[in-house]
Each structure stands twice: as C-alpha cells, then as structure tokens.
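Working notes, beginning with the structure itself.
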Amino acid sequence: MSTETSTPANTDRVFIFDTTLRDGEQSPGATMTLEEKLQVAEALDEMGVDIIEAGFPIASNGDFEAVTAVAKQVKNAVVAGLARAIPADIARAGEAVRHARRGRIHTFVSTSPIHLAHQMKKTEEQVLEIISTTVAQARNLIDNVEWSAMDATRTPLDFLCRCVELAIRGGATTINLPDTVGYAVPEEHELMFRSVIERVPGADAVIFSAHCHNDLGLAVANSLAAVRGGARQIECTINGLGERAGNAALEEIVMVLKTRGDAMPYHSSIDSTHLSRASRIVSAAANFPVQYNKAIVGKNAFAHESGIHQDGMLKNAQTYEIMTPASVGIKKTTLVMGKHSGRAAFKDKLLELGYDLGDNAFQEAFVRFKDLADRKKHIYDADLIALVDDEVGSVGDRVRLVEMEVVSKIGGTHRCDLTLSIDGQNVTAGYDGTGSVDAIFNAIKTAIGQQPHLVLYAVDGVTGGTDAQASANVRLEMNGRIVSGNAAEPDTLVASARAYLNAYNRLLIDRGAAAQGAMAG
C-alpha cells in the first residue's frame, strides 16, 4: 500500500484527486483526444496533483487506451481508473492502470434508496454482497483501492455505515462519500463525514474523500465542510468542469486552503503558480471557455474597473486583492479602463503607456476617455494611445467639428450637414455626395471655403469587435504643402471628418497664418 495516499485522517494534509479527465470529460461536448488528455495529465502531474483519475476504461477502447497512456506517462501522481462494481469493469481498470508507477482502482456502487429502486433494482442486502465481492476483487489486483458510495448524501446513515464498514474490511484504502447530485448543504455534509468516521470500525486507518457536484453552487463549500468533518481527500476538476453544473473547482479548493489557513488549517501539495496555465490547457482541450468572473482563473479575477477600487489598488494592492496574481500564475493585476475608472487609474495607465501630460491636456484627454467609455464596452491600450495622440495633435486647432448629421441611402442621395467652429465662430454647411465620406469632406470644404486636394484616405480598426474604434488617416495637399491628419472614434464617419480637420489644421499651422478663406461662408 502506498503510504503517501493512505495517511490517517488526523493529519492536516488534504490530498487532491483530480477527475478532469474522467468526470470533467463527461460534460456534454467536452470530449478530448488522446493527445489532449496526455497534455492535461502532464500539466496536472507537474502542478503536484496527488491522484489523477484518467478515465473509465470499460467505457470504450479509446478510454482504455487513454488511461493506459496516462498511466505510462505520469511520473509522480497516482493514476486511477474508474470501475462500476462489476467484475469485468474492475478487471479492465486493473489492466489499464497496471502500467502506472502507482496505480489505483476506483470502484463504486449506488447506495441511496432512489438509486437502488429505480436504477440498480437491488435490495440493500444485495448491494452489501456486491461491495464485499467487488472490493475484494479489486484489492487482489492492486493494493490501492478506492470505494465510492454513489449518492451517499441521500443514503440513510445506518446503511451507509454498513456499506463503508464492508468496503474497509474488503481492503479499500480510500472511502469516497460523494454528493453525486449536488444535494447537500455544508453543515449536514460535515456531519455525515464526522458521523461515519466516528461510527465505522477501522475508519481511522483509511482516507475519506469528498466528491461534490455543483448543482446548487455548493460544491467547493461542501468539499471544505467534508474536510472539517474528517475527509482528507477532495475530488475536483480544473475549472470546475463536469456533468451538469460541474464539480468542485480544483483551483478554488487549493486557494482557499492557501489563503485562509486561519479558518482552514490544512494544506495541499499543489504548486498554485501552475493554476492559470492548467486552466488554459483544460479550457482549450475541452473547448469549454472559462467564464470571465470565474474565481481564481477567470479573466476578471484580478481585474479592476471601478474608480474607487483602482485608486485603492494603486495605493496598496491588499485593499482589494486577498491573493496575488503571481500566486496563481498570472503576470499582474489589470486595471481595466472603462466608464467606472477614475482619474488616478487613467493617469497611471497613461504613464505606463509613456504619456506624461500636463494638467490641461490630461483633463481634456480624461473627458474624451469618459466619452469613449460611454460608447465602447472594451477600452484597450491601443484605444488610449489613439485617443491621446489625437488629443495632443488637436491642441490649438482653429477648426473643430461641432455637429454632424449624415444620411445615406442605397441607390439614393448621401447627405452631410455639419457645423464647424472656426476661430471660435460656428459655420454651418451641407453637401450631397456620391457617398457618405464624399459628402462629409465636401461639406467641410464648403464650410472652410478652401479646396485642399485629398491625397490619401484610409480607415483601420484600432481593435477588434463591432464596437472597435476606427482609426482614420487623411493626407491633404494645398499650395505645394502635404500634411497628414488622423483621428480615432467608434464611429467611422466621425473619425473620417475629424481626421480631415486634423490635417487641415496642420495646413494652417504649416502656412504660418490663417487661410484667407477660413472664415468664408
């Protein structure tokens, strides 16, 4: 028997049993290829998982081959194969894990009245006989045997204790009392483990395990309650992957133990700096995206947008973060720029991007940033760079866009009506063009009373998505001088108009004096 996974329950170490490759893969649509399973297994082994449940060998030839391959590859963890309490299942699991440096057969049988009546169609006495026979068979094949009472949390305590006692007598070294349907609440879950351990002879010589599903969102809480009740193994999955609402999330279990040692004085062998990487590997292999607000490994787990939170983070990260990003393998905290961001965070982000603006320029840039954030969901660094460059380039502009309305019709007229502020006075003009941009540029020409030649017009998306800022570039030539202007806006037409005006204002600067017709109209 492996002493590393048979420590009595009176220690403070919690063994981490990962079932991502078995229970996790049972999520509809989460099937992995052999190569993907080996990649996941390698990541789990490297991060220090104690037991890897590699699959259900009897389920298919592919599952058998996968468990066999994982068993051959894994260097440190115990490799387990799942088996129903059926002789053929147990034999198949034993064959698959025999290649492992340390193998385990994990066999299970239903124990709750509803399962016995409707699924197994067996009496309690028949189930007890099955337990005696199949656990003994597994133990004859391997010295590391885990036995599970499926639907334990809906099983009468007296019968559950009889089942556990027989499994221990048969040679089981780990006893799993799963909350198969996510029915339990923490207090009763803790009491169940405590009661079974106190009542069953030999319970102090084996490891008790918790396997909790998340149907009521309590999988992690129930798993930790089980530890308080005497369990010293937790069965979980990366990203909480699993049937229905999933399993207890490994990363959450690990970080609770790491972060709240005062309330949960237990520890695991997991290197938590591997958590983020493991999450990405499993997400890609199973083709299951991780929700943004997922604890520990979600995109927003270490991201802050609220101005109050960002200000606190800039002063002391512990004001709003109870663990460091580095502790789970994330490079750094992200201060997300959005409509809730304050001046402190905006200034810090600009400094990070290389901009140290004076007070007036900063205030103008901040106003434009807030206006952009009201119109655009995601503000990226490229958005801020475009915004500030545009703002800096527009300081001292003599001609500014005040209002603009564009009407476009397929096969019809394209009309632009706009108002410009020219040296502080508003000038209105309109134009019918062959297209929207043609109408805009000609309306501007009409308002300013000049006819600069358009050398170049180009538009690119600053970032991805339908709400991406459009970066417009305009090159104008007049009286032998060529200048470029640019602008970035979520609205392509507004960006085009502002880029044209940006270039025209540069023409005015280059000429050293106001254009003679700048006030025309």
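The values are calculated or read from the model by the stated rules, or taken from the named source; none is laboratory data. In this text the structure is predicted, and so the values were computed from the model without any measurement. No Cβ is skipped: glycine too gets one built from the backbone with ideal geometry, and neighbour counts run over all protein chains shown.
Results, tabulated for the structure shown:
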quantity: Arg232 vs. criteria in contact with a strand residue (DSSP E or B) (Cβ under 9 Å, 6 or more places away or on another chain), touching a residue at least 40 places away in the same chain (Cβ under 8 Å), over 30 Å from Ala373 (Cα atoms) and not aliphatic (A, V, I, L, M); calculated: yes
quantity: Test: residue in region 472-486 that is farther than 16 Å from Asn505 by Cβ and at pLDDT below 90; calculated: yes
quantity: Residues that are assigned to a strand (DSSP E or B) and aliphatic (A, V, I, L, M), drawn from region 414-439; calculated: Leu418, Leu420, Ile422, Val427, Ala429
quantity: Top-ranked residue of region 199-225 - restricted to ones that are small (Gly, Ala, Ser) and free of Cβ contacts under 8 Å to residues at least 60 places away in the same chain, ranked as farthest from Val254 (Cα to Cα); calculated: Gly202
quantity: Region 395-434 - residue that is surrounded by 14 or more Cβ atoms within 10 Å (Cβ to Cβ) and among the hydroxyl-bearing types (Ser, Thr, Tyr) and, of those, nearest to Arg368 (Cα to Cα); calculated: Ser421
quantity: The listed residue being under 17 Å from Val49 (Cα atoms) and touching a strand residue (DSSP E or B) at 6+ places or on another chain (Cβ under 6 Å), out of Ala248, Ala219; calculated: Ala248
quantity: So Ala263, is it surrounded by fewer than 23 Cβ atoms within 10 Å (Cβ to Cβ) and either under 27 Å from Ala285 (Cβ atoms) or of a type in the set (Asp, Glu) (or both); calculated: no
quantity: Single residue of region 34-65 satisfying the filter (aliphatic (A, V, I, L, M) and at pLDDT below 95) that is farthest from Ile253 (Cα to Cα); calculated: Ala59
quantity: Single match in Ala152, Ala138 (criterion: closer than 19 Å to His211 by Cβ, assigned by TED's automatic domain parsing to the domain that holds Gly182 and touching a Pro at 6+ places or on another chain (Cβ under 6 Å)); calculated: Ala152
quantity: Check on Glu243, under 30 Å from Ile379 (Cα atoms) and of a type in the set (Asp, Glu); calculated: no
quantity: Selected residue (criterion: modelled with the lowest pLDDT) from residues of region 303-362 that are of a type in the set (Phe, Trp, Tyr) and not in a loop (DSSP other than H, G, I, E, B); calculated: Phe346
quantity: Residues that are over 24 Å from Lys299 (Cβ atoms) and either crowded, with 24+ Cβ neighbours inside 10 Å or among the aliphatic types (A, V, I, L, M) (or both), drawn from region 233-256; calculated: Gln233, Ile234, Glu235
